[in-house]
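S.K.: Starting off with a structure, shown below.
The values are calculated or read from the model by the stated rules, or taken from the named source; none is laboratory data. The model shown is predicted, which means the values in this text are computed figures rather than measured ones. For neighbour counting, all protein chains shown are included, and Cβ atoms are generated from backbone atoms with ideal geometry for every residue, glycine included.
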Amino acid sequence: MSFILIFLPLNRHFSIDVYFRICKEKTKVPSWTINFIKLQIAFVYIFAGISKLNYDWLIEAQPLINWLKHQSDFPIIGSLLLNDITAYLFSWGGAIFDLFIVFILISKRWRIYGYILVVIFHIMTSLMFPIGVFPLVMIGSTLIFFSENFHIKIISSYFHFHFKIE
């Protein structure tokens, strides 16, 4: 993603280039640049979902049957993780989540619910499996599906910086 960002014209507002007056400030970026980033995130989710569409994942619930048994000390739901049915629910749920979350995030009506699912899904996977920063990256990255005004409110409140919306 960082490599792709090098080539996108995103350095026109709230950037070091503008701060040091290397380039002229612009308050708008072309919509294709935002959509291109959304497409990259969609690839991650959809390809993860496609990779789960196999016999081992859906029919045998592997490797989750083995992984979840090692999580029996997990607070509140630990004893449930010993049941094979839980592994099947997680296997099928993970595949369905990955295949459909992008379409939920694209929908303006369902976006907030989709984002709540993203947060729950990635926090659970982060707590249960040692997969590094990936869950946090995806929680942050999927915010790109929200509107321009949403991002302006976050940046304005966090940095006490005021934008003009044209």
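S.K.: Filter region 1-49 down to the residues that are at pLDDT 80 or above and polar (S, T, N, Q) and list them by number.
M.R.: 2, 31, 33, 35, 40, listed by residue number.
S.K.: Has region 30-50 got at least one residue that is under 23 Å from residue 127 (Cβ atoms) and either touching a His at 6+ places or on another chain (Cβ under 8 Å) or polar (S, T, N, Q) (or both)?
M.R.: To start, the set of residues in region 30-50 that are under 23 Å from residue 127 (Cβ atoms) comprises 41, 44-45, 48-49.
Imposing the further condition that a residue be either touching a His at 6+ places or on another chain (Cβ under 8 Å) or polar (S, T, N, Q) (or both) reduces the set to none.
For region 30-50, residues under 23 Å from residue 127 (Cβ atoms) and either touching a His at 6+ places or on another chain (Cβ under 8 Å) or polar (S, T, N, Q) (or both): absent.
S.K.: Of 34, 6, which residue is within 22 Å of the chain's Cα centre (by Cα), part of a helix (DSSP H, G or I) and under 24 Å from residue 116 (Cα atoms)?
M.R.: One residue alone meets the criteria, 34.
S.K.: Out of the residues in region 127-165 that are outside any helix (DSSP H, G or I) and loosely packed, with under 10 Cβ neighbours inside 10 Å, which is modelled with the lowest pLDDT? Can you show your working first?
M.R.: Step one: filter region 127-165 for residues outside any helix (DSSP H, G or I), giving 129-133, 146-147, 160-165.
From what is left, the residues that are loosely packed, with under 10 Cβ neighbours inside 10 Å are 130, 132-133, 160, 162, 164-165.
Numbers: 130: 85, 132: 93, 133: 95, 160: 64, 162: 55, 164: 51, 165: 47.
Among those residues, the one meeting the criterion is 165.
S.K.: If you don't mind, there's one more thing I want to ask. Among the numbered criteria (1) at pLDDT 95 or above; (2) over 12 Å from the mean Cα position of the chain (by Cα), which one does residue 80 miss?
M.R.: So residue 80 meets the others, but not (1).
S.K.: Sticking with this one: Taking the stated definitions as given, is residue 91 loosely packed, with under 15 Cβ neighbours inside 10 Å, assigned to a helix (DSSP H, G or I), among the small types (Gly, Ala, Ser) and over 12 Å from the mean Cα position of the chain (by Cα)? Let's see the steps before the verdict.
M.R.: Values: loosely packed, with under 15 Cβ neighbours inside 10 Å: no; assigned to a helix (DSSP H, G or I): yes; among the small types (Gly, Ala, Ser): yes; over 12 Å from the mean Cα position of the chain (by Cα): yes.
Criteria not met by residue 91.
S.K.: Right, another one. Can you find a residue in region 144-152 that is in contact with a helix residue (DSSP H, G or I) (Cβ under 6 Å, 6 or more places away or on another chain) and within 24 Å of residue 5 (Cα to Cα)?
M.R.: For region 144-152, residues in contact with a helix residue (DSSP H, G or I) (Cβ under 6 Å, 6 or more places away or on another chain) and within 24 Å of residue 5 (Cα to Cα): present.
S.K.: What are the residues in region 58-81 that are farther than 14 Å from residue 99 by Cα, surrounded by 14 or more Cβ atoms within 10 Å (Cβ to Cβ) and not acidic (Asp, Glu), if any? Show your work before the answer.
M.R.: Keep residues of region 58-81 that are farther than 14 Å from residue 99 by Cα, which gives 59-81.
Still in the list and also surrounded by 14 or more Cβ atoms within 10 Å (Cβ to Cβ): 60-62, 64-65, 67-69, 71, 74, 80-81.
Once the filter is applied, which keeps residues that are farther than 14 Å from residue 99 by Cα, surrounded by 14 or more Cβ atoms within 10 Å (Cβ to Cβ) and not acidic (Asp, Glu), region 58-81 yields 61, 62, 64, 65, 67, 68, 69, 71, 74, 80, 81.
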